[in-house]
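The values are calculated or read from the model by the stated rules, or taken from the named source; none is laboratory data. This is a predicted model, so every value here is computed, not measured. Glycine also receives a Cβ, built like all others from the backbone with ideal geometry; neighbour counts cover every protein chain displayed.
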Amino acid sequence: MLNILECTPIAQFAIGMDHKITHWNRACKLLTGLSAAEMLGTDRQWEPFYDKKRIVLADLIIENDFNQFLQIYEGKSAAKSKIVPNAWEATDFFPNMGGKQRHIYFLAAPIFDNKGNISGAVTTLQDITEQKRLEMAIKKESELLHQENLTLKSSIKERFKFNNIIGKSQAMQNVYEMILKTAATNVNAIIYGESGTGKELVARAIHDVSGRHNKKFLPVNCAAIPETLIENEFFGHKKGAFTGADTDKEGYFDKARGGTLFLDEVGELDLNIQAKLLRTIEGGGYSPVGSTKVKKSDVRIIAATNRDLEEQVKKGLMRKDFFYRIHIIPIHLPPLRDRKGDIPLIADYFLQTHDKDKKLYPVPGKVIEALCNYDWPGNVRELQNVLLRYLTLKRLDFMKTPSIESFDQNYTSNENQFVQTGRKIQDLQSAIKDFEKKLIARTLEQNQWHREKAASVLGISRRTLFRKIKELGIK
């Protein structure tokens, strides 16, 4: 048998019942870099070998299973023995076998003497390093795909909702797509939009689906920080740095470490703090007030503004290098007046969330019509305020006069239907369809029935417009 072991190209060795190696073939030497002279008569406890090579070549009938191994084959002759498939197979990792990191697969089988008793075992070694690497690469790719699928599923579970952002218009679908793409990176981003369009909600959504979601999301209103305190707020201070500094204080960069720092109204920062923030963002670090120790920043910057920052740069109100550092991924939020088709959804969601007694739900059709005929200079924030007053006062109360007369009627509930002077008000879905039909027809007329222009104005694709025209019977 031993001669056979020597001739085979497969790495194999034999061990006795005392765990000492009795045979070590040439293929074993090629695989491990260890000669037969080094291995014969050794066992797993041979310390000089262990210390020198930093690996343990076990007898490969796993030590904890050795007694069980003996029980299975005890008293059986070689002729009668039936080897249990995979009974003593194992895979192990060796950081330095033959000068390489290797994953080795072992398979042990018993050796019987002339009397049918177990006299040792033959162990086969197989290098499966490349196979393991491939398996791990496939597993990693599978995990990444799984995570991407979870992210996408969570984001499109309800097409009109992403985190707490509401809207199913094409403009908002584009925003959702930008959120996902931005979250997949670690670069800085800036969100442009009028006041009340939901810039902080978008920034928080990016954080929540990014790799930093387990760390802090820290919003900072740059316009609300006094100029004399702004450096202290961003970088913190050391005890004794100035009168009243009784303890060390962490700054925004410390508090948001590993997470996201949201700089709202970033256009309000003066040139001096822009220079210091630029150095920090570029990796130069920062020092707390009163300290010479330089700390490294580990935050992602998401900025927001309702200003034209390029115009700010031209006017010398913003440093060009600071602008380019935060303006890596721009995201533009549409004003509410440009996505009025989302108003019924926002109103419905808000009232479901805040009208706990459901006294004003579903939203009457005339209320929806009034909401959709208003221009919303304060955007979604103003809409929420109007709806909150509606819940409280039971009437619509606009800051400006809407294009149709304000709705001020009392309603009574009757099996989840609302009745006004004996007449049923439309349910929400019918109201939405009526509004869509009127809005699309009016937009088509304003654009001389040029469907591509009308689709662009409505913020939908031409294909969607064709489908809507057919579904709603617009002629």
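Data overview
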read-out: Subset of segment 129-149 (residues that are within 20 Å of the chain's Cα centre (by Cα) and among the hydrophobic types (A, V, I, L, M, F, W, C)); value: L144, L145
read-out: Per-region count, segment 213-233, residues out of contact with any helix residue (DSSP H, G or I) (no Cβ under 9 Å at 6 or more places or on another chain) and either surrounded by 19 or more Cβ atoms within 10 Å (Cβ to Cβ) or acidic (D, E) (or both); value: 1
read-out: Segment 212-240 - residue that is part of a loop (DSSP other than H, G, I, E, B) and among the aliphatic types (A, V, I, L, M) and, of those, farthest from V187 (Cα to Cα); value: L229
read-out: Any hit, segment 239-248, residues being under 33 Å from the mean Cα position of the chain (by Cα) and without any contact (Cβ under 8 Å) to a residue 60 or more places away in the chain; value: no
read-out: Residue among V380, V367, V313, V299 that alone is within 22 Å of K168 (Cα to Cα) and in contact with a Phe, Trp or Tyr (Cβ under 8 Å, 6 or more places away or on another chain); value: V367
read-out: Test for I302: is it surrounded by 13 or more Cβ atoms within 10 Å (Cβ to Cβ) and assigned to a helix (DSSP H, G or I); value: no
read-out: Given (1) free of Cβ contacts under 8 Å to residues at least 24 places away in the same chain; (2) within 15 Å of P334 (Cα to Cα); (3) not aliphatic (A, V, I, L, M), index of the condition E194 fails; value: (1)
read-out: Contacts under 8 angstrom Cβ, first residue in segment 452-472 being within 17 Å of D342 (Cβ to Cβ), partner β-branched (V, I, T) and at pLDDT 75 or above, 6 or more apart; value: A455/T464; V457/T443; L458/I440; L458/T443; L465/I440; K468/I440; K468/I460; K468/I474
read-out: Count of segment 76-111 residues which are at pLDDT below 80, surrounded by 12 or more Cβ atoms within 10 Å (Cβ to Cβ) and either in contact with a Lys or Arg (Cβ under 7 Å, 6 or more places away or on another chain) or outside any strand (DSSP E or B) (or both); value: 10
read-out: Contacts under 7 angstrom Cβ, first residue in segment 305-329 being not assigned by TED's automatic domain parsing to the domain that holds E282, partner at pLDDT 95 or above and among the basic types (K, R), 6 or more apart; value: none
read-out: Residue list for segment 241-280, filter: assigned to a helix (DSSP H, G or I), touching a strand residue (DSSP E or B) at 6+ places or on another chain (Cβ under 6 Å) and of a type outside the set (F, W, Y); value: K255, V266, G267, T280
read-out: Single unsatisfied condition, F49 versus (1) crowded, with 17+ Cβ neighbours inside 10 Å; (2) at pLDDT below 80; (3) part of a loop (DSSP other than H, G, I, E, B); value: (3)
read-out: The listed residue being closer than 30 Å to S456 by Cα and assigned to a strand (DSSP E or B), out of I190, I206; value: I190
read-out: The lone exception for L396 - which of (1) modelled with pLDDT of 80 or more; (2) not in a loop (DSSP other than H, G, I, E, B) it fails; value: (2)
read-out: Failed item in (1) basic (K, R); (2) touching a Cys at 6+ places or on another chain (Cβ under 8 Å); (3) surrounded by fewer than 16 Cβ atoms within 10 Å (Cβ to Cβ), with K340 passing the rest; value: (3)
read-out: Leading residue by the ranking (modelled with the lowest pLDDT) among those in segment 10-42 that are part of a strand (DSSP E or B) and not β-branched (V, I, T); value: G16
read-out: Any hit, segment 161-177, residues being under 30 Å from T292 (Cα atoms) and surrounded by fewer than 19 Cβ atoms within 10 Å (Cβ to Cβ); value: no
read-out: Residue within segment 338-354 that is touching a Ser or Thr at 6+ places or on another chain (Cβ under 6 Å), more than 15 Å from R381 (Cα to Cα) and part of a helix (DSSP H, G or I) present; value: yes
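This table checks each residue for (1) within 18 Å of C28 (Cβ to Cβ); (2) assigned by TED's automatic domain parsing to the domain that holds N25.
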{"position": "E89", "(1), (2)": "yes, yes"}
{"position": "G99", "(1), (2)": "yes, yes"}
{"position": "Y105", "(1), (2)": "yes, yes"}
{"position": "A108", "(1), (2)": "yes, yes"}
{"position": "I111", "(1), (2)": "yes, yes"}
{"position": "N114", "(1), (2)": "no, yes"}
{"position": "G120", "(1), (2)": "yes, yes"}
{"position": "L134", "(1), (2)": "no, no"}
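Here's the yes/no breakdown for (1) aromatic (F, W, Y); (2) at pLDDT 85 or above; (3) within 13 Å of V209 (Cβ to Cβ):
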{"site": "N114", "(1), (2), (3)": "no, no, no"}
{"site": "L134", "(1), (2), (3)": "no, yes, no"}
{"site": "T151", "(1), (2), (3)": "no, no, yes"}
{"site": "I179", "(1), (2), (3)": "no, yes, yes"}
{"site": "A184", "(1), (2), (3)": "no, yes, yes"}
{"site": "V187", "(1), (2), (3)": "no, yes, no"}
